[in-house]
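The values are calculated or read from the model by the stated rules, or taken from the named source; none is laboratory data. None of these values were measured; they are calculated from a predicted model. All Cβ positions, glycine included, derive from the backbone under ideal geometry; neighbour counts span all protein chains shown. In case anyone asks, the SASA skips ligands and DNA or RNA and just uses the protein heavy atoms, side chains included. Shrake-Rupley method; radii C 1.70, N 1.55, O 1.52, S 1.80 Å.
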Amino acid sequence: MPFQYLTNIPLEEARETYLAHLLSQGFTAPAVTVPVSDACGRITAQAVYAAICAPHYPASAMDGIALSAEQTFGASETTPVTLSPGQFTVVDTGDPVPEDCDAVVMVEDVMWQEDGSARLYDAAAPWQHIRQIGEDICAGEMILPSHTEVSPAAVGAMLAAGVLEVPVLRRPVVGIIPTGDEIVPPTANPKPGDIVEFNSSIFSAMLRQWGAEPKTFPIVPDKKEALRAALAEALAVCDIVLLNAGSSAGREDYSAEVIRETGEVLCHGIAIKPGKPAILGARENKPILGVPGYPVSGIFVLTELLKPLLDSWFHTVPQTETIRQATLSRSVVSGLKYQEFVRVRLGAVNGRLMASPLGRGSGVVSSFMKADGILEIPQGVEGYEVGSTVEVRLLRPAEALQNTLVAIGSHDPLLDEAADLLHLADPSFYMSSTHAGSMGGIMAVRRGETHIAGIHLLSEEDGSYNTAFIQKYFPAGGVRLVECVGRTQGLMVAKGNPLGLNGIEDLCREGLRYVNRQKGSGTRILIDYLLKKQGIDLRGIYGYDREEFTHTSVAAQIASGTADAGMGIYSAAKLYGLDFLPICMEQYDLLIPDSAFDTPPVQKLLAVLGGADFRRRLETLGGYQVEQPGRVRQRF
């Protein structure tokens with residue numbers, strides 16, 4: 001009677017059934033802590049947050065002289081300002097900026113006099129050519145979300161942010177047991193009938209490439225007791241075991257029998273060619289795979305059946321790299337003399353791959369960590385206009401970009417938390433956030449460049465939030481306003497409020513240094529409105545034109561002592577241990593175009609917003625009022 005396989009299951013069914021069984025038995029990766037310097041290529045076990053700011057001190061961005069910008073006011077070609085040596089400090093790039101200085105003038109703009117004084121023909125703007133504390137990363141910001149591969153750039157970002165150890169998912173140990181009486185170790189002079197055992201070397205290389213640790217055991221002869229003993233030894237020290245050449249119709253193949261006696265056989269025979277004889281077995285939560293002896297069959301079985309198990313272990317999806325055409329969401333200017341590589345964030349919106357350029361400073365390591373692709377600008381090209389079609393080299397797989405939720409608009413730390421929970425809920429979903437302010441978000445929705453936009457825009461006419469702006473910029477409708485949170489806005493000041501500030505009416509006080517949000521942000525619109533309402537002249541506030549793009553960046557400047565006050569949300573003040581003078585409760589909502597509302601990533605995000613985990617994270621952040629996040633407040 002000819003040999004018959006126990007099963008002939010279709011590949012997809014076998015794969016899904018096998019994985020589901022293993023997950024039900026607790027097949028999952030434990031966390032281990034490793035030094036950040038050894039973490040490249042590992043997968044984070046949980047979200048990683050910055051311990052300190054990067055840079056952690058105000059640093060000169062140029063070679064030149066550091067000074068107080070006020071000393072240069074009025075300088076021009078006809079009325080130069082001359083500073084004595086005691087009125088400035090010579091600095092090199094990266095040097096700390098003295099506490100009494102708030103600007104750096106490039107050395108090429110300084111006319112040195114014989115007595116050592118410096119003559120300037122242009123006024124310096126406050127904070128020009130100074131790398132602010134937290135310009136790259138702010139303490140408390142999420143550097144990496146859960147279940148994310150640590151890149152070389154991320155290693156630098158974590159070390160720059162004071163993170164020395166990181167929890168990662170442990171690499172699975174995969175045992176490889178070569179079997180067969182005719183199998184011999186690799187040799188340059190095999191005898192007739194000898195079969196050189198090289199499959200374990202192939203499999204080991206594949207496993208290392210996939211992030212696992214291979215462990216090859218000695219060759220086992222075709223004897224049932226020897227095979228049972230080898231399998232028991234491997235199961236004692238490994239997370240997964242491969243029996244190589246142990247799945248055929250041969251008369252001395254004991255693999256299926258030994259696996260069944262040791263644990264259970266879920267499948268013996270799969271409807272694929274090559275690879276039909278594969279055995280899918282397990283003992284509790286440890287997979288045992290019987291792999292055909294022919295190399296091509298073995299490679300195919302590992303690729304189609306073992307790789308999905310490792311993806312599940314690491315909570316990752318397969319990655320590929322390629323070139324894609326993308327549409328620029330913002331103009332990019334480049335010098336004619338150089339070939340430039342611009343890091344971009346990517347996401348598919350309305351059938352177009354949108355590319356949002358990231359920070360291009362050579363010191364901003366986090367931009368490379370966040371990059372989804374590289375835009376190359378050839379030498380002799382000045383750049384590309386917004387809306388241009390460009391070619392981008394992908395740093396993430398194209399399929400992942402199709403599942404990337406693009407968020408352009410107002411900054412709030414809750415977006416990072418929502419993104420982390422989204423990826424935890426479904427490893428195939430990601431969120432790419434660009435902090436462009438509330439008006440930037442509205443315009444991105446109008447241009448069809450984003451799936452969602454965080455907005456908190458105050459109407460000066462009736463004191464309402466968001467609806468008046470939506471009615472103005474979307475007269476034909478086609479968008480939905482989704483409830484997110486109420487959040488407390490106020491003045492962030494140093495711990496203990498050393499200047500004794502009571503409210504925005506004190507911002508014009510002499511000697512007070514203010515730090516602002518960028519024009520177009522909801523917070524900037526709010527503070528502009530409140531000052532106007534009280535008749536306060538913006539020009540009387542020192543530093544009002546000093547702009548930061550996030551609430552945490554504003555808080556970082558105050559915590560470091562380079563600013564005394566700034567408008568922001570309570571959670572940012574709490575994160576930095578600052579005092580907070582509450583001014584108002586505002587509504588922070590999400591604007592979602594109808595074209596994106598029913599897509600799987602958006603629907604999953606709305607479910608996350610309405611979940612208990614999101615509420616718990618908001619409670620930890622502090623300063624939020626939560627009612628029904630994820631609910632459609634109004635359809636336009």
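Points worth noting:
- Against the main long axis of the alpha-carbon atoms of the chain, helix 199-209 sits at an angle near 20°.
- For 131, 487, the ranking by accessible surface with the largest value first comes to 131, 487, using a 1.4 Å probe.
- The HN-Hα couplings worked out from phi for the stretch 556-566 by the Karplus form 6.51 cos²θ - 1.76 cosθ + 1.60 (θ = phi - 60°) are 5, 5, 5, 5, 7, x, 8, 8, 9, 7, x Hz, whole numbers, x standing for Gly and Pro.
- Between 0 and 90 degrees, the angle of helix 437-446 with respect to the longest Cα principal axis of the chain falls at about 60 degrees.
- Prolate/oblate/rounded call for the chain, Cα gyration tensor, a/c under 1.5 rounded: prolate
- In this structure, the amide hydrogen of residue 244, modeled 1.01 Å from its nitrogen in the peptide plane, lies closer than 5 angstrom to those of 177, 179, 291, counting only residues at least 5 positions away or on a different chain.
- Amide H contacts of residue 354: 327, 347, 348, 349, each under 5 Å away and 5 or more positions distant or on a separate chain (H built 1.01 Å from N in the peptide plane; Pro and chain starts excluded).
- Note on surface exposure: 439, 62 rank 62, 439 by accessible area, highest first, 1.4 Å probe.
- DSSP beta bridge pairing in the chain, given as percent antiparallel to the nearest 5: 75 percent
- When 410, 151 are compared by accessible area of protein heavy atoms, the largest-first order is 151, 410, using a 1.4 Å probe.
- Net charge of Cβ neighbours under 10 Å - reference residue 81; Lys, Arg +1; Asp, Glu -1: 0
- Residue 508 - accessible surface, heavy atoms, 1.4 Å probe, Å² rounded to 10: 60 Å²
- Cross-link partners of residue 215 among lysines (Cα-Cα below 30 Å; sequence separation of 8 or more within a chain): 191, 223, 224, 273, 276, 286, 307
- Counting only protein heavy atoms and a 1.4 Å probe, the stretch 1-65 has 53 square angstrom of accessible area per residue.
- Across the chain, the mean sequence separation of Cα contacts (distance under 8 Å, 6 or more residues apart), normalised by length, yields a relative contact order of 12 percent.
- Among the protein heavy atoms of the stretch 492-545, carbon and sulfur supply 51% of the accessible surface, probe 1.4 Å, non-protein parts ignored.
- For the stretch 86-240, the solvent-accessible area of protein heavy atoms averages 48 Å² per residue (probe radius 1.4 Å; ligands and nucleic acids excluded).
- Mean separation of Cα contacts under 8 Å, 6 or more apart, over the residue count of the stretch 498-613: relative contact order %: 26 percent
- Computed in the context of the full set of protein chains, the accessible area of the stretch 128-282 at 1.4 Å probe radius has 55% of its extent on carbon or sulfur.
- Counting protein heavy atoms only, the stretch 1-103 has 55 percent of its accessible area on carbon and sulfur, 1.4 angstrom probe.
- Prolate/oblate/rounded label for the stretch 403-518 (Cα gyration tensor, a/c 1.5): oblate
- Cα long-axis angle, helix 224-237 against the chain (0 to 90 degrees, to the nearest 10): 10 degrees
- ³J(HN,Hα), Karplus 6.51/-1.76/1.60, whole Hz, each residue of the stretch 82-88, x for Gly, Pro: 10, 10, 6, x, x, 9, 8
- Solvent accessible area, Å² - residue 495, 1.4 Å probe, full protein context: 150 Å²
- Calculated accessible area for the stretch 459-568 comes out at 40 Å² per residue, all protein chains present (probe 1.4 Å; ligands, DNA, RNA ignored).
- A 1.4 Å probe, protein heavy atoms only, puts the accessible area of residue 37 near 80 Å².
- Inter-part distance where the stretch 153-206 and the stretch 527-576 are each reduced to a Cα centre, Å: 54 Å
- A simple rule links phi to the HN-Hα coupling: the Karplus curve 6.51 cos²θ - 1.76 cosθ + 1.60 with θ = phi - 60°, which for the stretch 171-183 gives 5, x, 8, 10, x, 10, 10, x, 10, x, 5, 8, 7 Hz, with x for Gly and Pro.
- Cα gyration tensor, the stretch 190-246 - rounded (a/c under 1.5), prolate or oblate: oblate
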